[in-house]
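Working notes, beginning with the structure itself.
All of the numbers you see were taken from the coordinates with simple rules; none came from a lab. From a predicted model like this one, the values you see are computed outputs, not experimental measurements. In this analysis, Cβ positions are derived from the backbone assuming ideal geometry, glycine residues included, and neighbour counts consider all displayed protein chains.
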Amino acid sequence: MRPRVVVYKDLPPAQRARLAERFDLTCFDGIDDANRAAFYAALADAEGMIGASLKVDAPLLARAPKLRAAATISVGFDTFDLDTLRARGIPLCHTPGVLTDTVADLVLALMLAAARRVVELNAMMKAGRWTESVGEEWFGVDVHHRTLGLVGMGRIGQAVARRAHHGFGMDVIYHNTRPVPEADAAFGARHLPLDTVLAEADFVVVLLPLRPGNVRIIDAAKFARMKRSAIFINAARGKVVDEAAMIAALSDGTIRAAGLDVFETEPLPPESPLLALPNVVAVPHVGSATAATRDAMAALAVDGLIDALEGRRPTHLADPEVWA
């Protein structure tokens with residue numbers, strides 16, 4: 001009998017076909033109240049599972065007693081209970097690398113849009129307010145030759161630094177768990193304490209993974225250390241920022257503006273104060289959302305799941321120690 005795999009987020013046809021050649025599939029395009037019971041029933045016989053945007057906690061994993069491997073179509077894996085997976089010896093595959101440049105592109109788009117007030121000015125024009133020569137009311141700020149402060153210097157941080165330094169002549173400073181000599185050499189980047197990065201940067205870009213020590217690491221005290229002219233960008237995870245403190249900082253002028261791809265609660269509630277602030281550019285967690293990149297992510301997740309279920313060590317494991 002072939003292993004059974006539960007697909008809980010729709011896959012591109014070519015990737016679904018690759019799985020179907022090897023395994024018996026039960027497929028869902030997202031889990032909601034209408035299909036939750038069927039999803040739970042399918043998990044009872046599942047040896048593999050693959051998808052995205054689902055909280056996979058201990059109670060859910062308890063419904064999958066035969067599970068041998070899981071794959072998430074994302075680089076982040078904070079929605080998974082790694083302790084439970086580790087205790088059961090279940091490898092979790094994820095998709096780092098293939099989305100690096102796409103996310104970095106979005107970071108630059110948010111920086112430019114917030115600095116030059118693209119969304120706000122577009123709304124002003126559509127409201128018929130462009131009736132004479134542009135004055136200071138319409139001015140933005142420069143991006144070129146300013147200081148970029150990165151909180152996190154992993155793959156995406158380095159891709160952002162490359163664009164900023166070589167494309168816009170920006171000085172690059174960063175805080176990271178360790179210095180990154182290749183970034184120092186390539187971009188003239190400087191590794192500094194977090195508070196120094198926050199105080200010196202014109203653009204503060206957060207690119208941290210969500211881990212227990214990073215929850216709300218950017219709080220009211222951290223916003224107070226930033227320049228009043230600073231533009232804050234979060235393309236990491238919403239919960240690394242104290243959202244209430246950020247709203248206050250944007251409302252009272254502690255910082256100038258923000259570009260946000262992630263939020264504490266997703267989808268962002270329509271009544272969120274962030275959506276009413278003119279100095280906020282908000283997009284719905286679309287950092288990796290291009291067709292080519294999402295296809296590449298799905299392919300990498302499928303590669304990992306196939307390898308794991310067929311006894312080969314996957315290339316990208318969230319917890320490498322699970323695979324002895």
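Summing Cβ point charges (Lys, Arg +1; Asp, Glu -1) relative to the Cα centre of the chain gives a dipole of roughly 480 debye. Of all the options L43, L121, L92, the one that moves most in a Gaussian network model of the chain with Cα springs shorter than 10 angstrom is L121. A straight line joining the Cα centroids of the stretch 265-308 and the stretch 83-101 runs 18 Å. Computing FRET efficiency as 1/(1 + (r/R0)^6) for N35 and R313, where r is the C-beta to C-beta distance and R0 is 35 Å, gives about 0.60. Compute the signed sum of charges (Lys and Arg +1, Asp and Glu -1) over the other residues within less than 11 Å, Cβ to Cβ, of T72. With Lys, Arg at +1 and Asp, Glu at -1, the net is 0. Comparing mean-square fluctuations of L112, L82, L275 from a GNM of the chain with C-alpha springs under 10 Å, the top value falls on L275.
Within the stretch 100-282, the ratio Rg/Rh, alpha carbon atoms throughout and Rh by Kirkwood, equals 0.97. Just the Cα atoms of the chain, one point each, no solvent: what log10 I(q)/I(0) does Debye give at q = 0.07, 0.08, 0.10 Å⁻¹? Treating every Cα as an identical point scatterer, log10 I(q)/I(0) equals -0.33, -0.43, -0.65. Taking the chain as a Gaussian network of alpha-carbon nodes connected by springs under 10 Å, the highest mean-square fluctuation of the residues V141, V240, V75 belongs to V141. Here the ratio of the Cα radius of gyration of the stretch 182-248 to 2.2 N^0.38 Å is 1.14. Its Kirkwood hydrodynamic radius, worked out from the mean inverse distance over all distinct Cα pairs, puts the stretch 222-324 at 16.3 Å.
Computed FRET efficiency, Cβ-Cβ of D81 and D24, R0 22 Å: what is it to the nearest 0.05? Please report the intermediate quantities before stating the final value.
Numbers: r = 26 Å, r/R0 = 1.16.
Plugging the Cβ-Cβ distance into 1/(1 + (r/R0)^6) gives 0.30.
For D252 and E137, FRET efficiency with R0 = 22 Å and r from the beta-carbon atoms, rounded to 0.05? The computed FRET efficiency comes out at 0.65.
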